[in-house]
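One structure is given below, encoded as structure tokens.
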Amino acid sequence: MTELAGRDSAFRWAHDYLGPAPQLADIEAALDGATDLIVEHPRGRDALCARMLDLLCSGRVVGLFQGRSEFGPRALGHRSILADPRRERMRDWINARIKERDWFHPLAPIVAEERAAQYFDLQANSPFMQFTAPVRSSMMPLLAAATHVNGTARVQTVGPADDPLLRALLAGFEVRTGVPVLLNTSLRGEVSGEVSGNAGPLVETPQEAVAAFRHLQLHGLAMPPYLLTKKHEPALPA
């Protein structure tokens, strides 16, 4: 319990998803005429999650555009790029091929809140990716792409009452791999008329998301209720 203006307050900030929510009509308009893409329409969240996991577990990199965009902290699972954290080369590949930046930049892990302490020396929940915590030494081999050179990671925790799709993805990834953690970085948009992996703001509209997907070497883009892949798929991470 905190005190504000002499009065007790139990208010706690719950999420940073403060941007406008995309409308289905705008998503479908962005996909109209997209003959260069394969547009799937999985029937329900579980089916969409299963298809995303198929891609992630096969070493592919998947964008996620869903709901209202993040305001302030970036890449909290609504405008994100997700990948398998176990593959050490994944960090280098994403930095070079997608983010177009130096190899040493860290990528963040996203983890189910109740499993975070098993993988990170984290003293509190971190729903806004605000804290850096040591990765437990026994878990470093399982989080090779999400562990910085100094043995730490900037962690996002996802609690039981948080985003349902993120929770389902983390649970499904654990079922398939034994690891309840995904690699997470921001899905960026346009700068000066050109799409950039690193320099631009988060994508805001469905049109921006589809443009970024076309330009970046992503293998899939989940834009509920649709999943996009490319007829000419980029090379897989080494």
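The values are calculated or read from the model by the stated rules, or taken from the named source; none is laboratory data. The structure displayed is predicted, hence computed values, not measured ones. Every residue, glycine among them, receives a Cβ derived from its backbone with ideal geometry; neighbour counts consider all protein chains shown.
For region 118-150, the set of residues classified as of a type in the set (Gly, Ala, Ser) and either modelled with pLDDT under 95 or surrounded by 13 or more Cβ atoms within 10 Å (Cβ to Cβ) (or both) consists of 124, 126, 133, 144, 145, 146, listed by residue number.
The criterion of being modelled with pLDDT under 95 and of a type outside the set (A, V, I, L, M) does not hold for residue 115.
All conditions but one from (1) in a loop (DSSP other than H, G, I, E, B); (2) closer than 23 Å to residue 237 by Cβ; (3) out of contact with any Gly (no Cβ under 7 Å at 6 or more places or on another chain) apply to residue 161; the one that does not is (2). Mind checking which residues of region 88-111 are farther than 26 Å from residue 207 by Cα, over 16 Å from the mean Cα position of the chain (by Cα) and in contact (Cβ under 8 Å) with a residue 24 or more places away in the chain? Answer for region 88-111, where residues must be farther than 26 Å from residue 207 by Cα, over 16 Å from the mean Cα position of the chain (by Cα) and in contact (Cβ under 8 Å) with a residue 24 or more places away in the chain: 88, 89, 104.
Please specify each residue of region 56-103 satisfying the condition of being of a type in the set (Ser, Thr, Tyr) and surrounded by fewer than 16 Cβ atoms within 10 Å (Cβ to Cβ). Selection gives 58 alone. Against the criterion of being surrounded by fewer than 18 Cβ atoms within 10 Å (Cβ to Cβ) and without any contact (Cβ under 8 Å) to a residue 12 or more places away in the chain, residue 175 qualifies. Scanning region 67-94 for residues that are aliphatic (A, V, I, L, M) and assigned to a helix (DSSP H, G or I) turns up 90, 94.
The number of residues in region 190-238 being modelled with pLDDT of 95 or more, over 17 Å from the mean Cα position of the chain (by Cα) and in a strand (DSSP E or B) comes to 1.
Restricted to region 112-148, and to residues there that are among the polar types (S, T, N, Q) and in contact (Cβ under 8 Å) with a residue 12 or more places away in the chain, the residue that is farthest from residue 82 (Cα to Cα) is 137. Residues in region 125-150 that are within 21 Å of the chain's Cα centre (by Cα), farther than 22 Å from residue 168 by Cβ and among the small types (Gly, Ala, Ser): 133, 144.
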